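The values are calculated or read from the model by the stated rules, or taken from the named source; none is laboratory data. The structure presented is a predicted model; accordingly, all values stated were derived computationally and were not measured. So basically every Cβ, Gly included, is an ideal-geometry build from the backbone, and we count neighbours across all protein chains shown.
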Amino acid sequence: MPTQPRSITGFLVTIQAFLIWGLSPIYWKKLHNVFPFETLMHRVVWSLLFLVPILIFQKKTHAFFKALTNIRTLGVLTLTTCLVGSNWFLFIWSITNDHVLQTSLGYYINPLVTVFLGMIFLKERLSIRQKIAVVLAGIGVLWLTWDYGSLPWVSLMLALTFAFYSLVRKVVDVGPLVGLTVETLIMAVPATAYLVWLGVGGKGAFLHMGSKIDLLLMGTALVTALPLLLFNLGAKALKLTTLGFIQYVAPTCTFLLAVFYFKEPLDLSLIRTFILIWAALALVSWDSMVAYRAAHTQPSRTKR
């Protein structure tokens, strides 16, 4: 396939993935009558049932069983399971409890937290622009804390759990599909037991709150796995800098939903914080673009 059409296709597919992620609060909001932990357990079980056939179709069962039988890999993926499970639960809880703006802020902060963790744990050197971006984000969070009298813990925990998840996943050489399938399998064992216990006791939402809720709970697999598959499909055809810009589609959609659809109050404190975070992200994006161009112009200079 020619490079340009392939890039255009990759861009469109990747945009779809981030649009699903960004608009997903509409979906999770419809499950507000279900206890968030129960929703999470359904998300895990139905996602596993959705992922396994795809794993078989893509002929990645060998890599899957290799990851399961490698003690080190399984240990790392168990840790990432705890992190991604916590992130999923907090996301569902925050949406169903009217904290959509905080989830948006959390995923805006996430790239900045990732940069900071890279400096702390991977000893990566930050550029001047990256250092300024981290400081701006810190000022934004501290300013919001000062105004509200408490930390924006939902935003921070969403950013931290996903940033640590990304950091730890770097330790193992496992593809996204295989890794996610292993993680959901690890969670699926206690999740299935929990859902069976609820069902036997007649306390669960599934089969007790109407067919609409049943279908929504089953559909959590699509909301979880489909955007990931679209992202993996599209990302292969795109430059890293392009991906860096596209990733902000999701929190931007969530931000717009919170303000204009869910009508959450956007006070001056939040506006100031968002402006500082957006400025920080602009610096990080600018830095990534400069670094990418420098890396790709260097070989041509060498040839001369």
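Residue-wise test of (1) over 18 Å from Met218 (Cα atoms); (2) at pLDDT 95 or above.
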residue: Pro36; (1), (2): no, yes
residue: Thr39; (1), (2): no, yes
residue: Val45; (1), (2): no, yes
residue: Leu48; (1), (2): no, yes
residue: Phe64; (1), (2): yes, yes
residue: Leu79; (1), (2): yes, yes
residue: Val84; (1), (2): yes, no
residue: Leu112; (1), (2): yes, no
residue: Leu122; (1), (2): yes, no
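Identify all residues within segment 34-53 that are in contact with a Leu (Cβ under 6 Å, 6 or more places away or on another chain) and either under 28 Å from Leu256 (Cβ atoms) or outside any helix (DSSP H, G or I) (or both); write none if there are none.
Thr39, His42 - these are the residues of segment 34-53 that are in contact with a Leu (Cβ under 6 Å, 6 or more places away or on another chain) and either under 28 Å from Leu256 (Cβ atoms) or outside any helix (DSSP H, G or I) (or both).
Within segment 149-162, can you find the residues that are of a type outside the set (Val, Ile, Thr), in a helix (DSSP H, G or I), under 11 Å from Gln102 (Cβ atoms) and touching a helix residue (DSSP H, G or I) at 6+ places or on another chain (Cβ under 8 Å)?
Within segment 149-162, Ser155, Leu156, Met157, Leu158, Ala159 qualify.
Okay, residues lined up against (1) modelled with pLDDT of 90 or more; (2) over 21 Å from Ser285 (Cα atoms); (3) in contact with a strand residue (DSSP E or B) (Cβ under 7 Å, 6 or more places away or on another chain):
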| position | (1), (2), (3) |
| --- | --- |
| Gln130 | no, no, no |
| Val134 | no, no, no |
| Asp173 | no, yes, no |
| Pro190 | yes, yes, no |
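Against the condition touching a residue at least 60 places away in the same chain (Cβ under 8 Å) and under 13 Å from Val174 (Cβ atoms), how does Phe91 come out, does it pass?
No.
Among the helices (runs of 4 or more DSSP H) lying completely within segment 170-289, list those that include at least 2 residues that are farther than 25 Å from Ile92 by Cβ and without any contact (Cβ under 8 Å) to a residue 60 or more places away in the chain.
240-246
Looking at Leu207, Leu198, Leu177 in this structure, which one is of a type outside the set (D, E, K, R), surrounded by fewer than 20 Cβ atoms within 10 Å (Cβ to Cβ) and within 17 Å of the chain's Cα centre (by Cα)?
Leu177
Listed here are the residues, each with its yes/no results for (1) of a type outside the set (Ser, Thr, Tyr); (2) under 30 Å from Leu68 (Cα atoms); (3) modelled with pLDDT under 95.
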| position | (1), (2), (3) |
| --- | --- |
| Leu185 | yes, yes, no |
| Leu195 | yes, yes, no |
| Gly204 | yes, no, yes |
| Asp214 | yes, no, no |
| Thr220 | no, yes, no |
| Leu238 | yes, no, yes |
| Gly244 | yes, no, yes |
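Regarding segment 114-136, can at least one residue be identified that is assigned to a helix (DSSP H, G or I), under 16 Å from the mean Cα position of the chain (by Cα) and of a type outside the set (A, V, I, L, M)?
For segment 114-136, residues assigned to a helix (DSSP H, G or I), under 16 Å from the mean Cα position of the chain (by Cα) and of a type outside the set (A, V, I, L, M): present.
Looking only at segment 46-61, decide whether some residue is surrounded by 14 or more Cβ atoms within 10 Å (Cβ to Cβ), of a type in the set (S, T, N, Q) and closer than 26 Å to Tyr107 by Cβ.
Checking segment 46-61: at least one residue is surrounded by 14 or more Cβ atoms within 10 Å (Cβ to Cβ), of a type in the set (S, T, N, Q) and closer than 26 Å to Tyr107 by Cβ.
How many residues does segment 19-33 hold that are surrounded by fewer than 21 Cβ atoms within 10 Å (Cβ to Cβ) and not in a helix (DSSP H, G or I)?
3
For Gly75, which of the numbered conditions (1) buried (at least 20 other Cβ atoms within 10 Å of the Cβ); (2) in a helix (DSSP H, G or I) fails to hold?
(1)
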